[in-house]
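First comes the structure, then the notes that go with it.
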Amino acid sequence: MILGVNLSFAVKRWQEPKELASVCSELKVNHFQLNFDFIDPWWPEDTRNKICHDYRDAFEEKGLCFDSVFGGMADYTFPQFLGYSKTIRDISSTFRKRSIDATVELGGTAYGLALGGMTHKDAYDPEKRELIYQETIERLIDLAAYGKRKGLQDIEVEATPLFTEFPNDPDSSLRMMKDLNGKTDIPVLLFVDWGHALFKPLLKDKADLKIWLTTLKPYLGNMHLQQTDGMLDRHWDFRHTEGIVTREMIQDVLSSTGTEDKILYLEFSPAFETTDDDVLEGMKYSIEYLKPIADNL
Ligand code: FE
Ligand code: MN
């Protein structure tokens, strides 16, 4: 396993670039994924790009960099590509292009996103759901063409554990990857979050990483790793004793599916009211716990 860190743990805590870089350098990990919870892609372009450079430079000073940049929590809150009106979905296409611009300014080579959320009415209307799906495929093809022009290497679509969103299970993920295959100017890959993939209430007997990774093997990007109990999307750190993710399980899943080359970004999303000391302790504990099975540490 290659271990990386997603910066969700630092949101609302260590926002200032130099401060964030020094917290990250304490973690002794060499793969980082920033989120658009630190920088809003909508900020005025010139100013936003300068701020992106501040983050990139602060990380470079510590010998670190961002491999990729993900949508994050703020982005995920909005309907985006799966929104109830074409106006909203069009705005999201513009927003995603601005996100790609900012990713490139940050030095990232990959941009990751969850596609958005449908309104209840659309999600339960098969015809409307299909219409939004087909339009989303076109939007991703367009986004990949834009990414290529900007020098991005790939786009990664995160599957989420909600019926009102897609893709949300191995079959809908595979359908999407096949529908995109050969039509995009840069690869559009499937990004698996272990907590989403293990969510039993929605996935039932498909809440199994071996099923996900075997089904999606040709289309896999990197992944989010978190501790979870499979009953909600917990994003716990590895101190939680009720969790079902263990070192042994991670190793077994990766070796039996031949996916040891993927980067697993630890995505710990503590409650905002958790103290900063507790969050840092959870991060350090989790990295120490995972280190024995990480080939890069
Ligand atoms: Fe995730
Ligand atoms: Mn999640």
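The values are calculated or read from the model by the stated rules, or taken from the named source; none is laboratory data. None of these values were measured; they are calculated from a predicted model. A quick note on method: Cβ atoms are made from the backbone with ideal geometry, for glycine too, and the neighbour counts reach across all protein chains shown. Note: accessible area is taken over every heavy atom of the protein model, side chains too, but ligands, DNA and RNA are not part of it. Shrake-Rupley method; radii C 1.70, N 1.55, O 1.52, S 1.80 Å.
Which residues, taken from the range 211-247, are more than 17 Å from residue 2 (Cβ to Cβ), open to solvent by less than 60 Å² (accessible area, probe 1.4 Å) and among the β-branched types (Val, Ile, Thr)?
Hits for the range 211-247 are 211, 215, 228, 246.
Can you name the residue in the range 176-198 that is away from ligand 2 (no atom under 16 Å from the Cβ) and of a type in the set (A, V, I, L, M, F, W, C) and is also most open to solvent (accessible area, probe 1.4 Å) among such residues?
189
Do we find a residue being under 24 Å from residue 223 (Cβ atoms), hydrophobic (A, V, I, L, M, F, W, C) and within 17 Å of the chain's Cα centre (by Cα) anywhere in the range 87-102?
yes
In the range 156-175, which residue that is in a helix (DSSP H, G or I) and surrounded by fewer than 21 Cβ atoms within 10 Å (Cβ to Cβ) is nearest to ligand 1 (Cβ to nearest atom)?
172
Can you tell me which residue within the range 223-252, out of those that are over 25 Å from residue 34 (Cβ atoms) and β-branched (Val, Ile, Thr), is nearest to ligand 2 (Cβ to nearest atom)?
244
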